[in-house]
Every structure is written in C-alpha cells, then in structure tokens.
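First up is the structure itself, then whatever we jot down about it.
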Amino acid sequence: MGDNPGREFDYGDADFNRVKAAIYRKAGINLADSKKQLVYSRLARRLRVLHIDSFRQYLDYLESTPQELQEFVNALTTNLTAFFRESHHFDLLASFIKKNRKNKPCRIWCAASSTGEEPYSIAMTLVEAYGDYKPPVEIIASDIDSQVLTTAATGVYNLERIETLSLEQKKKFFLRGKGVNSGKARVIDELRKLIDFRQINLLDRQWSVNGKFDAIFCRNVMIYFDKPTQLKLLARMTQLLTPDGLYIAGHSESFAHATHLVTLIGKSTYQVAASGRTEIANEP
C-alpha cells in the first residue's frame with residue numbers, strides 16, 4: 001500500500017525506488033530522495049492519460065511497453081531554461097569567435113537544448129559576432145526529450161519569454177505575432193536555419209554527431225549523473241572538441257575531479273587539459 005492515502009493514486013517508497021531505477025537505466029539520472037513528491041506530480045499526468053489506477057500498475061505497464069519509455073523520460077526530465085541564461089557564457093563565446101574564428105567556420109553542439117532558448121541564444125551571439133545573418137557556422141542542438149525539441153524547432157514563444165532581451169535583439173531576431181498569434185513571437189528563419197535539432201540520449205553508445213566542435217554547451221546536465229558517469233561523458237565530449245575549443249558547463253557544476261580531462265579557464269568554462277589530449281590520443 002502507498003504511504004499517502006489522501007493522494008489520487010497509490011504511491012509508496014517501493015514505487016519511487018522503481019522509478020529511480022528506471023530513469024537511471026534509461027537516462028543515467030540519479031534522483032535524490034527529496035524528489036519523491038516531484039516524481040508523483042510529474043508522472044500522475046501519465047496515469048491520468050492512460051487511465052491507470054496506481055503507480056505499481058503504471059510501472060508494470062512501463063516495463064512491458066517500450067514506447068512508453070519516451071513519455072516517462074519526457075515527464076521526468078527538467079527543462080528550466082531562458083534566453084541568455086548565465087549571460088557571461090555568451091559574452092565569452094562572442095570574444096572567442098572574434099579572437100579565434102572571425103574568418104573561419106565554427107561548429108557548436110548544444111547538448112541540452114530543452115525548448116530552444118539556449119541554442120537560439122548561441123545563434124544570436126554568432127550572428128552578432130560574425131556581423132552576418134548567414135555566418136559560417138553549424139549548431140547542433142540536442143535533447144533527450146522529444147517534446148521540447150518539437151517546441152524548439154518551431155521557435156515560437158510567448159512574449160514574456162523574450163522580455164529579458166534588448167529591444168534591438170527583439171527587432172533583429174523575432175517576428176511579433178498578429179491575430180490568432182497575438183502575444184507570441186517567432187524566431188526569424190535566418191536563426192532557425194543555423195540550427196539542426198536532434199534527439200540524443202547522452203547515455204547512448206553512439207551519438208549522431210561527428211567531427212570536431214569549437215564549443216560544446218552542456219550546462220546543468222552533469223549534475224543529474226553520478227561521478228563515474230560524469231567522467232565517462234566528459235571524456236567522450238572532450239574528444240569532440242578542437243584543441244582550443246570550449247566546454248561550457250552550468251553554474252552549479254564543477255570538474256575539480258576531472259583535471260586530467262579539462263582545465264578551468266573562466267567561470268564554469270573549460271578547455272581540454274594537455275594530459276587529457278594525451279590520454280585521448282592514446283585511446284584505442
């Protein structure tokens with residue numbers, strides 16, 4: 001029996017532990033015990049949609065129905081984002097481009113696209129840094145959540161989502177909706193064409209990316225993984241960076257335990273460590 005009889009659905013510690021195990025297997029996410037209520041509120045929506053009466057029944061259904069796994073992941077992954085969140089990263093990216101890539105092509109991977117604000121912020125930064133609406137850049141934006149990728153690719157946002165942007169940025173990069181689209185804004189086509197949205201699970205053995213990147217944004221993702229998984233992913237990602245490329249992490253993420261892989265060069269910004277380049281080069 002659940003330990004919360006007042007709730008709509010029966011939900012106890014055993015159910016929560018099964019959820020924790022399932023999301024770790026699928027996405028490598030470590031759910032803290034403090035997330036028990038969050039899990040209930042997120043997954044209760046799926047129980048209602050599927051007309052399932054308890055978490056035990058839902059988890060049995062999940063184990064027997066592979067197509068539900070994506071809905072399960074979508075429900076539990078966190079998608080907190082905003083345009084130019086942690087703005088110092090975009091200032092640093094602009095400086096990097098102007099100093100090192102001004103007349104050269106540039107490739108960037110945004111590894112946690114969410115609903116698109118981050119990759120579009122990257123695209124705006126590059127357009128301004130190159131001084132061209134068609135800069136020689138490729139931006140790959142990925143996420144494990146299929147639903148947020150659909151929102152991102154559409155590029156339509158409520159006006160309050162772009163309130164923090166300058167008036168100049170709003171005029172340069174957005175079209176204001178009219179009629180049935182009143183209260184919304186759409187990213188201009190020039191920005192959307194710079195970004196290739198792809199669904200990627202970072203735990204997959206192979207990623208649908210290749211070649212070298214001049215910068216990888218992987219912000220506020222590693223905090224959900226345990227240390228061994230962090231190191232494994234960081235090693236894979238640094239292999240994809242150019243020697244002077246940037247690995248940009250979230251404000252709450254630190255890689256003090258991975259100095260053999262990366263060197264801190266700025267606020268939550270890293271480059272491949274010299275020892276890391278040697279180890280990577282020697283890998284079979």
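Give the number of residues within region 41-80 that are part of a loop (DSSP other than H, G, I, E, B), open to solvent by 20 Å² or more (accessible area, probe 1.4 Å) and among the polar types (S, T, N, Q). Residues in region 41-80 being part of a loop (DSSP other than H, G, I, E, B), open to solvent by 20 Å² or more (accessible area, probe 1.4 Å) and among the polar types (S, T, N, Q): 3 in total. In the condition set (1) outside any strand (DSSP E or B); (2) open to solvent by 60 Å² or more (accessible area, probe 1.4 Å); (3) modelled with pLDDT under 95, Pro243 is compliant with all but (1). A single entry from Val180, Val148 fulfils the requirement of being modelled with pLDDT under 95, in a helix (DSSP H, G or I) and buried (at least 16 other Cβ atoms within 10 Å of the Cβ): Val148.
What is the residue count in region 87-118 for residues that are in a loop (DSSP other than H, G, I, E, B) and surrounded by fewer than 18 Cβ atoms within 10 Å (Cβ to Cβ)?
Within region 87-118, residues that are in a loop (DSSP other than H, G, I, E, B) and surrounded by fewer than 18 Cβ atoms within 10 Å (Cβ to Cβ) number 5.
The residue pairs whose first member lies in region 72-94 and is at pLDDT 90 or above, whose second member is acidic (Asp, Glu) and assigned to a helix (DSSP H, G or I), and whose beta carbons are closer than 6 Å, counting only pairs six or more residues apart or on different chains, are Phe83/Glu117. Being open to solvent by less than 60 Å² (accessible area, probe 1.4 Å) and under 16 Å from Asp143 (Cα atoms) is a description that does not apply to Val187. Pairs meeting the criteria (first residue in region 225-243 and farther than 16 Å from Val272 by Cβ, second residue of a type in the set (Val, Ile, Thr) and not in a helix (DSSP H, G or I), beta carbons under 8 Å, at least 6 apart or on different chains) are Phe225/Ile29.
Hydrophobic (A, V, I, L, M, F, W, C), over 18 Å from Tyr61 (Cα atoms), at pLDDT below 90 and open to solvent by 30 Å² or more (accessible area, probe 1.4 Å) - does that describe any residue in region 14-28? No, there is no match, as no residue in region 14-28 is hydrophobic (A, V, I, L, M, F, W, C), over 18 Å from Tyr61 (Cα atoms), at pLDDT below 90 and open to solvent by 30 Å² or more (accessible area, probe 1.4 Å). Considered as a group, the residues in region 119-128 that are touching a residue at least 60 places away in the same chain (Cβ under 8 Å) and not hydrophobic (A, V, I, L, M, F, W, C) include one that is surrounded by the fewest Cβ atoms within 10 Å (Cβ to Cβ), and that residue is Tyr120. Number of residues in region 209-231 that are modelled with pLDDT of 95 or more and of a type outside the set (A, V, I, L, M): the value is 5.
Scanning region 220-240 for residues that are touching a strand residue (DSSP E or B) at 6+ places or on another chain (Cβ under 7 Å) and outside any helix (DSSP H, G or I) gives a single hit, Leu240. Filtered by the rule that a residue be under 18 Å from Asn201 (Cβ atoms), of a type outside the set (Phe, Trp, Tyr) and either over 20 Å from the mean Cα position of the chain (by Cα) or assigned to a helix (DSSP H, G or I) (or both), region 21-40 gives Ala21, Ala22, Ile23, Arg25, Lys26, Ala27. Residues in region 129-145 that are buried (at least 18 other Cβ atoms within 10 Å of the Cβ) and either touching a residue at least 40 places away in the same chain (Cβ under 8 Å) or not aromatic (Phe, Trp, Tyr) (or both): Ala129, Pro135, Val137, Ile139, Ile140, Ala141, Ser142, Asp143, Ile144, Asp145.
The values are calculated or read from the model by the stated rules, or taken from the named source; none is laboratory data. Just so you know, these numbers come straight off a predicted model, no measurement behind them. Quick reminder, even Gly has a Cβ in these numbers, built from the backbone with ideal geometry, and neighbours come from all protein chains shown. To get the accessible areas, we keep the full protein, side chains included, count just its heavy atoms, and leave off ligands, DNA and RNA. Shrake-Rupley method; radii C 1.70, N 1.55, O 1.52, S 1.80 Å.
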